[in-house]
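Structure, as structure tokens:
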Amino acid sequence: MPPVFRFAPSPNGYLHLGHAFSALLNFQRAQESGGRLLLRIEDIDPTRCRPEFEQAIYEDLAWLGIAWEQPVRRQSEHLSEYRAALARLQAMELVYPSFESRAEIARLVGQRDADGGWPRDPDGAPLYPGHAKMLSEARRAELMAGGAPYALRLDMTAAVARAGRLSWDEVGRGPGGEAGTVEARPEAWGDVILARKETPTSYHLSVVVDDALQGVTEVVRGQDLFHATSVHRLLQVLLSLPAPAYRHHRLIRDDQGHKLSKSSQATGLRALRAGGISRAQIRHRIGMV
């Protein structure tokens, strides 16, 4: 069977040079190996994802000379599949609801920081500080029946105990030069969110379900997602899903050394194209000459 690659952007802004690098690497790997390239639109956030950004993704990738298989998988059309995976984890008693607002969580973290610091995940966000795991089933049911907002979290301690030791095959390089067999440390992320009241999935859950259902054999993505692979390996083992090989690549940075991102208003490919830049110039700027 030929290898299967995927490029999976979110339509919450215009693609930038970092996206171009990742998309071109996936396309190049697929061509060199006689493999297939899939395009997946990760649009589970209805408040930030917009049709015009999705259309721009297709236009930018086509302009770069990238071809992908049809049909394109749009996550918003597959929520039932994520619900089914979540239900399996719930049946294992590995999921619980938490009810604190973001402001309440920030207050709890502030209190704990004052008491000597509170641990952060690999991305720098504080681990969940609440005690929702200790609520009785009756109290949880009461809050949910009353319409309280909630997030569904993975009981990380129980999940790690069930899954045992984990690792993955890294054929690229991690941010610290990691390669080969890498030990997974999902506990560093705490009780991650798997879904919310209004959205039956999260990035972590949907990405492992999609990769398995689409038969992805090699995940080529940026080093900013290297540590998240620990969570993905945990969910793959819990859900009995196959594990692809991972190839994490260097990040494209601005003149100040910061990673390009939509949130930092990195110049989009759309604007660069409008300014007259060529595909050859794009390749030169991202080091693919």
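Quick note: the coordinates plus some simple rules give every number you see, no bench work behind them. Just so we're clear, the structure is a prediction, and the values are computed from it rather than from any experiment. Don't worry about glycine lacking a Cβ; one is built from the backbone with ideal geometry, like all the others, and counts go over all protein chains shown.
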Quiz item: What is the Cα centroid distance between region 1-31 and region 253-278, reported in whole angstrom?
Solution: 16
Exercise. Return the Cα extents of region 158-289 along principal axes one, two and three, sorted largest first, each rounded to a whole Å.
Key: 54, 39, 30
Quiz prompt | Relative contact order of the chain, defined on C-alpha pairs under 8 angstrom at six or more residues apart (%) | solution = 24
Practice problem: Choose one answer from LEU272, LEU38, LEU238: the residue with the largest mean-square fluctuation in a GNM of the chain with alpha-carbon springs under 10 Å. | Solution: LEU272
Self-check item: Dipole moment magnitude, nearest 20 debye, region 118-249 about Cα centre, only Lys, Arg, Asp, Glu C-beta charged
Solution: 280
Quiz item: Which value in nm describes the separation of the simple spin-label points at TRP118 and ILE105, placed 7 Å from the Cα toward the beta carbon?
Solution: 1.0
Quiz item: With charges set only on the Cβ (+1 for Lys and Arg, -1 for Asp and Glu), what does the dipole of region 113-170 come to about its Cα centre, in debye to the nearest 20?
Solution: 280
Practice problem: Have a look at MET144, VAL182, PRO129 and report the one farthest towards the positive end of the charge dipole of region 112-190, computed about the Cα centre with Cβ charges (Lys/Arg +1, Asp/Glu -1). | Solution: MET144
Quiz item: What is the magnitude of the charge dipole of the chain about its Cα centre, with +1 placed on the Cβ of each Lys and Arg, -1 on the Cβ of each Asp and Glu, and no other charges, expressed in debye to the nearest 20?
Solution: 400
Quiz item: Taking a quarter of the surface of the Cα convex hull of the chain, what do you get in nm²?
Solution: 16.8
Quiz item: Over region 92-146, what is the mean sequence separation of C-alpha contacts under 8 Å (at least six apart), divided by residue count, expressed as relative contact order in percent?
Solution: 40
Quiz item: Which semi-axes, in whole Å and largest first, does the equivalent ellipsoid of region 140-228 have when worked out from the alpha carbon gyration tensor as the square roots of 5 times its eigenvalues?
Solution: 30, 16, 12
Exercise. For region 189-227 and region 131-145, compute the distance between their C-alpha centroids and round to whole Å.
Key: 26
Quiz item: Assuming R0 = 41 Å, what is the FRET efficiency of THR47 and ARG273, from their Cβ-Cβ distance, to the nearest 0.05?
Solution: 0.90
Exercise. Could you check which residue among ARG112, ARG40, ARG73 shows the biggest mean-square fluctuation in a GNM of the chain with a 10 Å Cα cutoff?
Key: ARG112
Quiz item: Relative to the longest principal axis of the chain, what angle (0 to 90°, nearest 10) does the C-alpha long axis of helix 102-114 take?
Solution: 80
Quiz prompt | the chain - mean residue ellipticity at 222 nm from DSSP helices (-39,500 (n - 2.57) per run, n ≥ 4, rounded to 500) | solution = -11000 deg cm²/dmol
Quiz item: Going by how many other Cβ atoms sit within 10 Å of their own, how do LEU94, LEU251 line up, fewest first?
Solution: LEU251, LEU94
Exercise. Return the distance in nm (one decimal) between the two label points of a simple spin-label model at SER263 and MET1, each offset 7 Å from Cα along Cα→Cβ.
Key: 3.6
Quiz item: Got a sec? Charge dipole of region 12-120, +1 on Cβ for Lys and Arg, -1 for Asp and Glu; which of LEU15, GLN90, PRO51 is way out at the positive end?
Solution: GLN90
Quiz item: Residues with amide H under 5 Å of VAL219's amide H, sequence separation 5 or more or different chain, H placed in the peptide plane at 1.01 Å from N; which?
Solution: ALA245, TYR246, ARG247
Quiz prompt | Rg(Cα) / (2.2 N^0.38 Å) computed for region 32-141, rounded to two decimals | solution = 1.57
Practice problem: Please figure out what share of the DSSP beta bridges in the chain is antiparallel and state it in percent, rounded to the nearest 5. | Solution: 55
Practice problem: Determine, at each q value in 0.16 (inverse angstroms), the log₁₀ of I(q)/I(0) that the Debye formula gives when each Cα of region 92-195 is one equal point scatterer. | Solution: -0.84
Quiz item: With a 10 Å Cβ neighbour count serving as the proxy for reagent exposure, in which order, fewest first, do VAL171, VAL216 appear?
Solution: VAL171, VAL216
Quiz item: For the chain, modelled as a Gaussian network with Cα springs under 10 Å, which listed residue fluctuates most, ASP123, ASP45, ASP211?
Solution: ASP123
